[in-house]
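Take a look at the structure below.
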Amino acid sequence: MAIRDILTVPDPMLKKVSKPVEAVDDELRALMDDMLETMYDAPGIGLAAIQIGVPKRVIVMDIAPREGDREPRYFVNPQILWRSEETQPYEEGCLSVPDIYDEVERPARVKLRYLNYQGEQIEEDAEGVFAVCIQHEMDHLDGVLFIDHLSRLKRDRAVSKVKKAAKAA
Ligand code: K1U
Ligand code: ZN
């Protein structure tokens, strides 16, 4: 397992649409292992493969409380089958837009279909932080960042702040 570099805005890779995975094999599981280690190291609660420069439709996540046992989750080729009309606001962050947090409104509940670490097809309902995080990560697969849901002014300010911090580092 290895910790990979996380791309930050304005890296053009982050705007790419990721490609579906053809097979959940040992090579893909090695990628998912690296993604999980990278996410825990950051630390974060989710990570999409494109954030480490790999344009595949793969997400890892762990939304378990930090003081408890780890509960890693893997989503390959995830699809949203249903979204609730009810929405909920949540203060989001992103490892690719470090130190910027802002409120995004998304459907409160979604129904998902995806392949897990073993390549089994799963259908599952998501709500709360799980619903927020999976929608945020699935946006990454389509080249969309949470700041794209904000006003142009807020988005431009966020990118400028990240660029300035990167220059100073
Ligand atoms: O970059 C990412 O996509 C990961 C992102 C996931 C996310 C967070 C909040 C709302 C929606 C999606 C993060 O993990 S940002 C860091 C973060 O939330 C966190 C870090 C340490 C402890 C707890 C949370
Ligand atoms: Zn993100």
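The values are calculated or read from the model by the stated rules, or taken from the named source; none is laboratory data. Everything numeric here is computed off the predicted structure, so don't read it as measured data. Every residue, glycine as well, gets a Cβ built from its backbone with ideal geometry; the counts of neighbours run over all protein chains shown. With ligands, DNA and RNA removed, areas are computed over all heavy atoms of the protein, side chains included. Shrake-Rupley method; radii C 1.70, N 1.55, O 1.52, S 1.80 Å.
Could you tell me whether S96 is at pLDDT 95 or above, among the hydroxyl-bearing types (S, T, Y) and over 25 Å from L31 (Cβ atoms)? In short, no.
More than 14 Å from ligand 2 (Cβ to nearest atom) and surrounded by 11 or more Cβ atoms within 10 Å (Cβ to Cβ), is that true of D11? Taking the combined requirement at face value, the residue does not satisfy it.
Checked against (1) in contact with a helix residue (DSSP H, G or I) (Cβ under 8 Å, 6 or more places away or on another chain); (2) within 13 Å of ligand 1 (Cβ to nearest atom); (3) farther than 17 Å from E137 by Cβ, E103 passes all but a single condition, namely (1). Against the condition open to solvent by less than 40 Å² (accessible area, probe 1.4 Å) and at pLDDT 95 or above, how does P78 come out, does it pass? Taking the combined requirement at face value, the residue satisfies it. Can you say whether I63 is of a type in the set (A, V, I, L, M) and free of Cβ contacts under 8 Å to residues at least 12 places away in the same chain, as far as the supplied structure shows? Judged against the criteria, I63 is not a match. Within segment 152-169, residues that are farther than 16 Å from D102 by Cβ and touching a residue at least 12 places away in the same chain (Cβ under 8 Å) reach partners that are open to solvent by 100 Å² or more (accessible area, probe 1.4 Å) and not hydroxyl-bearing (S, T, Y) with beta carbons closer than 8 Å, at six or more positions or on different chains, in the pairs A165/D99. Being touching a residue at least 12 places away in the same chain (Cβ under 8 Å), open to solvent by 60 Å² or more (accessible area, probe 1.4 Å) and either within 20 Å of M39 (Cα to Cα) or within 19 Å of the chain's Cα centre (by Cα) (or both) holds for only one residue in H136, H149, and it is H149.
For every residue, the table says whether it meets (1) within 14 Å of ligand 2 (Cβ to nearest atom); (2) surrounded by fewer than 18 Cβ atoms within 10 Å (Cβ to Cβ).
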site	(1), (2)
K19	no, yes
L28	no, no
A49	yes, no
I52	yes, no
G68	no, yes
Y74	no, no
Q88	no, yes
S96	yes, no
